[in-house]
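Written out below as structure tokens is the structure these notes cover.
Just so you know, all these numbers are worked out from the coordinates, no wet-lab data involved. What you see is a predicted model, and the numbers here were worked out from it, not measured in a lab. Here Cβ is always computed from backbone atoms with ideal geometry, including for glycine, and neighbour counts include all displayed protein chains.
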Amino acid sequence: MFVQVIGSGSSGNCYYISDGASSLMLDAGICLRKVKMNMKFKASSVAGCLITHEHSDHIRSAEALCKMGVECFMSEGTYLKSVKHYRMSIIKKKFKAGTFNITTFDLEHDSAQPIGYLIRSSLTGESLLYATDTASIPTTWDNLNYILVEANWSQSLLDTNITNGLMTSEMKERLIRTHFSLAKVVDFLWATDMSKVKQIHLIHLSHKNANKELFVNTVQEIFGKETYAWGTTVG
Ligand SMILES: [Zn+2]
Ligand SMILES: [Zn+2]
């Protein structure tokens, strides 16, 4: 499976995946100009855009994508909070888009009905997990090949930022309640069958409370897999 990160982090999230026959966008949180600039694909060839929740860093360009002909899929709770368009669809627990079989799962975030996606290609048999903006991931999976998982913050960087007055205790509370940390990623990966994993993408890194090098090295050293980190971080 081909995975391209178009945008990641609180300034906007958008990912593109393809199995060679069909392609999908994951979230539409960056401005359309940037989507178009990075698009090495035609909007008309995209089988759909999977939206996780209604925060603007994930849904900003959904209506614009619909107008370009891209079907946008989301939970009922997200749909009720979003701008409406006839190409926006409320999805069931399992559905198909192009050659992909997709299963959704509930996440824990300060939004109406946040969901994650397990995406399996019926063409290649490969599977990809997409989970972002969540305090927890409710279950574990076998036979994953690609993992896109939020790694928003680390305890040590958060503590340093609080000591230095860059974060308040209220901001810390919200972060812990709504976003996945590096330590949680490590726990989640320990509980996951890693035998077939080809790539791990650590996504939605916090601007202040994350460090790409530290995050990649931590995960790579433990699990020995090809690992990338994405987000507009200070470090
Ligand atoms: Zn977000
Ligand atoms: Zn969010």
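In region 168-200, which residues have a backbone nitrogen under 18 Å from the label point lying 7 Å from residue 142's Cα in the Cα-to-Cβ direction? Under cut-off, by backbone N: 189-198. The value of relative contact order for region 120-211, using C-alpha pairs under 8 Å at least six residues apart, is 42 percent. Legend: residue pairs 34/67; 81/184; 172/212; 67/212, Cα-Cα distance threshold 26 Å; pairs beyond threshold, 81/184; 67/212. Secondary structure note: in the chain, about 50% of the DSSP beta bridges are antiparallel. Rounded to whole Å, give me the distance from the Cα center of region 38-84 to that of region 133-184. Going from one Cα centre to the other spans 25 Å. Pick out, from 181, 83, 223, the residue whose Cα sits farthest towards the positive end of the charge dipole of the chain, with +1 on the Cβ of Lys and Arg and -1 on the Cβ of Asp and Glu. The Cα lying farthest towards the positive end belongs to 83.
Coupling constants for region 86-91 follow from the phi torsions by the Karplus curve (6.51 cos²θ - 1.76 cosθ + 1.60, θ = phi - 60°), and in residue order they are 5, 8, 8, 10, 7, 9 Hz; glycine and proline get x.
Compared with the dominant principal axis of the Cα atoms in the chain, helix 212-223 is inclined by about 80°.
Across region 180-228, Cα pairs under 8 Å and at least six residues apart give a relative contact order of 43 percent. The alpha-carbon of residue 36 sits under 16 angstrom from the alpha-carbons of these aspartates and glutamates, leaving out residues fewer than 8 places away in its chain: 27, 63. Net charge near residue 66, counting Lys/Arg +1 and Asp/Glu -1 over other residues with Cβ under 13 Å of its Cβ? Neighbourhood net charge equals +2. Summary value for the chain: 15 percent relative contact order, contacts being C-alpha pairs under 8 angstrom separated by 6+ residues. Its Cα gyration tensor gives region 2-229 an equivalent ellipsoid. The semi-axes, each the square root of 5 times an eigenvalue, are 27, 21, 16 Å from largest down.
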